[in-house]
Structure formats: C-alpha cells, structure tokens
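For reference, the structure discussed in these notes is given below.
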Amino acid sequence: MAVDARILIVARDDVRAGPLAEGLDRLGWRTITARGPYAALAALGDLPIEAVIVDMASAGPETQTLARRLKAAVAPRRLPVIAISEPNTDFRSQSFDLTLSPPLHPSQAALRLESLVRTAIAEEEFELRLETFGERGRRLDLPEPSDAPYRILAVGEPAPQFLALSNALQASGAEVVGAFTAYTAFDYLHERPFDSVVLWAGDSQQEALSIAAGMRRNTRLFHIPALLYLKAESYVTMSEAFHRGVSDVASPETPEGETAMRVMELARSFRRGESIRGALEKARSSGLMDAATGLFTRDLFAAHLARLASAARERSRPLSICVLRVADKPETVWARQNGWLDRAIPQIGSMVGRLVRVEDTPARLATEVFALALPATNQNAARAAAERIAAVIGCTAFDAGEDRAPFVCEFDIGVAEVQPGEGAVKALERAAAAALKREAG
C-alpha cells in the first residue's frame, strides 16, 4: 500500500482510473486505487487521504450512499469527494462536492483537488474558531452560500456557438454578462462578483488563455473557475490549457446544455468555498484581535493553537508553526531607537495578515514578533510560506522621516512542525528558539 498516498480513486477497472492515477502521481498527488467500497473504507482507515475521486461508471451498485459513507469514515476530518460522470445527473443529494465530466485530465483534477482540499481545511478551521471565539463570548456568522442565481461572465466575440452556450446558461437559471474583450472582462471582474467565467477561444485562443492566466496571477480572482470553450478545430492542447489555469475545457461538439451544466457545477463549488472563506474573513473583525495589526492577540493565539494541535492529531493532519522576528539590522536598530519602527509595525502586521491563507492563524506575540499557525502544512511548506511573507515585506520601504532614506525590515524566521506526542507550546518554543538562534548566527 502506498503509505504516502494523498488521493483515493474508487473504480472497479482502470479504463479511466489508470491514466488519471498515473498523471496525478506525476503531478505530486500520490494516488491509491480501491476496487470497491470496502477497500476504499479500509484505505481511509490506514492513510491520511486528502480527497477521493469516484468513477461513477465503474464504482459499483452502492454509489447512492458511497460519498456519505466515505466522509463519515474520517470525521471530523473533512473529506472532499469528486464524482467522474456525465453531467446529466445531479449528485449533490449524494454528498459529492463536485461532478466532473470524463475524460478527466490529470492537470484538471489537480486544480480541482487543490481548491476542494483548501476549502475542506478552511471548513475545519472555521469550526475550531467557532469554539475559540465562543469561549470569549463572540458568536461568528455561519457560512451560508447565497441562493441568488449564479453569475457567469462570458468572454469572447458573439459567435453562434458561444451565443448558444450563453442561452443554455440563462435557461439553467444563471445570470450571464457578456464581455467582448479582455479589457472589458477584467473591468467586470474587478467591479462585480462572478461565480464562473466562460472563455470563448474562437479565433483568438491565446487571448482566452491569457485571460485565464491573468486571473490566476490575481489574488482576488485566483479562485474563480474558468471554462475554456474551444472551436472544433483547435491547436490548444489540454495540458497547455490546464497549465494556464483553465478549470475545464469544452467544445461545440458537446451539447450546449451539457456544457452549461458543467459551468454551473463549477460555479456551485466556487460559491460554497467563497462562503466559507468569507466567514473566516469576518472572524478577523470580531473585536478580539490586536487593535494595531488586526492579528490574533498573544492570549487568543495561545488558546486557539492548543485547539489546533488537538484537532491536527484527531484529523491526522500536519500542523506547523512559524515565528517571524524583526531582525536587528543597523537601519532597523536606528528606526527602533527613533520611534519609526513602532510606526511601521501596524502596517507590517497588516501585511502579514493579508499574505497568509484565510485558514491560517496569524498572531502578534510581542511588539516585533509575529507567529503563524498553518494547518495541514508540513515544515518545508511552512518555511516556504514564512520566507515568502518575509520577502514581500522586505521589498516594502517604511518612512524614516524627512531627512533620512526609508528603511526596510528583514526577519529572523523559525519554523517547527508539531510532532506526535508534542504539545503546541513546545513546538512554538522550538520555532521561537530557531528564530533567536538565526539572529545570533
């Protein structure tokens, strides 16, 4: 058994599962295949599986309850379950998080897995914050997806095939807004909320791909799914499309109603994730945070960290802690002595809060010391995250008065992953000691 498997594929044969497993393995999403429900449940009991993909064509007769059984087997860990099936069946009542049409390209699956796993972790984090904040008399608003019609942005020239898809989306109950150019599309994306984007790759296929890539480079637009609608004759490969950030690919050879259902399914998954991320964002305005930076206070962080560590053990997920301490460089020492560093700290803390994922817990431990608790993150990934934050802040110049050049801040960084049998406080102490040791070095 692959002890480091992240993804469980449930399929009785390898017609679809074989190429998908091979491709996901190459992309770093190590897979294991179960030939039936009992083998799947056994794998979930033995391995820290992050998500499940079920081939509905070969999963067997028990698919009606399979997703619920798989989710219940690992509770309270949240388990995303994806169905591979023709989009003419609604599996939402069966607890599938997303339905994707065959053939499922490995890169497409990897993009959807990344999104769904992050949503699952955010859900777990929200549950924990409900408890931590509730102990202090703060009730958080529950994540509630809007029941308003899905908002779809259709980008491209008004070709007959594209107009037919837009009409099918409207017939499905969606609100469709048309944009003929990339400039207009990004204006709409920055002005209004959308649940999905359809990119018509008619005679300007590279422009459509450029829009998808531009969305993935923008933190506000990163999560919005985009379906690439290709002409029947296209030189764009599936690998290229998914590499550029496209969520799904369709062509006029597929019936418009079927493609519309695929777009709506992506929109449904996106809106659910947005509701959870929005609820977590609201938690930051609870009145319990550090007034200057908007981060967790030291006491609130300590209480939540203990709960995070307990949940990580219960859910068989890693948990890492980072400590970032303002480094004692000559210009920083001068700024501290003359009061300019104190003036910069609120901006620095605010940047730390914006540069972490919504499911992460950033805190201010002391005047110039920040900490991060990163759920479902190993030590190497945590160090990369801390170094990225330090690098971004290190590119920011802070005011040092009229007669002196602005100064920049560097950080001494310490990272520790909570080990089996180790308390969260001990791991935090290890991270803090590593930061101090780096300073001394």
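Please specify each residue of the stretch 391-402 satisfying the condition of being within 19 Å of A431 (Cβ to Cβ) and open to solvent by 20 Å² or more (accessible area, probe 1.4 Å). Correct list: A391 only.
Residue check: is V352 touching a Pro at 6+ places or on another chain (Cβ under 6 Å) and not in a loop (DSSP other than H, G, I, E, B)? Can you show your working first?
Details: touching a Pro at 6+ places or on another chain (Cβ under 6 Å): yes; not in a loop (DSSP other than H, G, I, E, B): yes.
Yes; evaluated as a whole, the condition is true for this residue.
Here D360 qualifies as out of contact with any Asp or Glu (no Cβ under 6 Å at 6 or more places or on another chain), charged (D, E, K, R) and open to solvent by less than 10 Å² (accessible area, probe 1.4 Å). Just for the stretch 12-57: of the residues that are more than 24 Å from the chain's Cα centre (by Cα), among the small types (G, A, S) and open to solvent by less than 60 Å² (accessible area, probe 1.4 Å), which one is nearest to A312 (Cα to Cα)? For the stretch 12-57, the residue satisfying everything is A43. Within the stretch 406-428, restricting attention to residues that are closer than 30 Å to W334 by Cβ and open to solvent by 70 Å² or more (accessible area, probe 1.4 Å), the residue that is farthest from the chain's Cα centre (by Cα) is P406.
Across the stretch 391-403, the qualifying residues are those that are in contact (Cβ under 8 Å) with a residue 12 or more places away in the chain and of a type outside the set (S, T, Y), and the one among them that is farthest from T332 (Cα to Cα) is V392. Can you find a residue that is under 19 Å from the mean Cα position of the chain (by Cα), in a loop (DSSP other than H, G, I, E, B) and surrounded by 21 or more Cβ atoms within 10 Å (Cβ to Cβ) anywhere in the stretch 364-374? No - not one qualifying residue is present in the stretch 364-374. So is F270 within 21 Å of the chain's Cα centre (by Cα) and modelled with pLDDT under 90 or not? So F270 fails the test.
Within the option set L153, L116, L142, L128, being farther than 29 Å from P48 by Cβ, in contact (Cβ under 8 Å) with a residue 12 or more places away in the chain and not hydroxyl-bearing (S, T, Y) holds for one residue only, L153. Of everything listed in (1) modelled with pLDDT under 95; (2) open to solvent by less than 30 Å² (accessible area, probe 1.4 Å); (3) touching a Leu at 6+ places or on another chain (Cβ under 7 Å), the single unmet condition for L288 is (2).
Which of the residues that make up the stretch 137-181 are part of a loop (DSSP other than H, G, I, E, B), charged (D, E, K, R) and under 23 Å from R272 (Cα atoms)? Working first, answer last.
Residues of the stretch 137-181 part of a loop (DSSP other than H, G, I, E, B): 137-150, 156-159, 172-174, 180-181.
Okay, now just the ones that are also charged (D, E, K, R), so 138-139, 141, 144, 147, 157.
Within the stretch 137-181, R139, D141, E144, D147 meet the criteria.
If you go through the stretch 245-275 and keep only what is open to solvent by less than 10 Å² (accessible area, probe 1.4 Å) and hydrophobic (A, V, I, L, M, F, W, C), you end up with V246, A250, A260, V263, L266, A267.
Contact map, the stretch 335-353: first residue within 18 Å of A363 (Cα to Cα) and of a type in the set (G, A, S), second residue at pLDDT 95 or above and open to solvent by 10 Å² or more (accessible area, probe 1.4 Å), Cβ cut-off under 9 Å, separation 6 or more or different chains; pairs are G349/R364.
Table: residues versus (1) of a type in the set (D, E, K, R); (2) open to solvent by 20 Å² or more (accessible area, probe 1.4 Å).
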position	(1), (2)
T119	no, no
E124	yes, no
E127	yes, yes
R136	yes, yes
D147	yes, yes
L165	no, no
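Checking each residue in the stretch 321-344 for being within 24 Å of V415 (Cα to Cα), touching a strand residue (DSSP E or B) at 6+ places or on another chain (Cβ under 6 Å) and open to solvent by 50 Å² or more (accessible area, probe 1.4 Å) picks out only R325. Taking residues in the stretch 424-437 that are over 15 Å from N378 (Cα atoms), and partners anywhere that are open to solvent by 40 Å² or more (accessible area, probe 1.4 Å), the pairs with Cβ atoms closer than 6 Å and at least 6 places apart or on different chains are A435/R325.
Across the stretch 186-242, the qualifying residues are those that are basic (K, R) and outside any loop (DSSP other than H, G, I, E, B), and the one among them that is farthest from G257 (Cα to Cα) is R217.
The values are calculated or read from the model by the stated rules, or taken from the named source; none is laboratory data. Computed from a prediction, not measured in an experiment: that's the story for all the values here. Positions of Cβ are generated from backbone atoms using ideal geometry, with glycine treated the same way; all protein chains shown enter the neighbour counts. Surface accessibility is based on the protein's heavy atoms, side chains included, excluding ligands, DNA and RNA. Shrake-Rupley method; radii C 1.70, N 1.55, O 1.52, S 1.80 Å.
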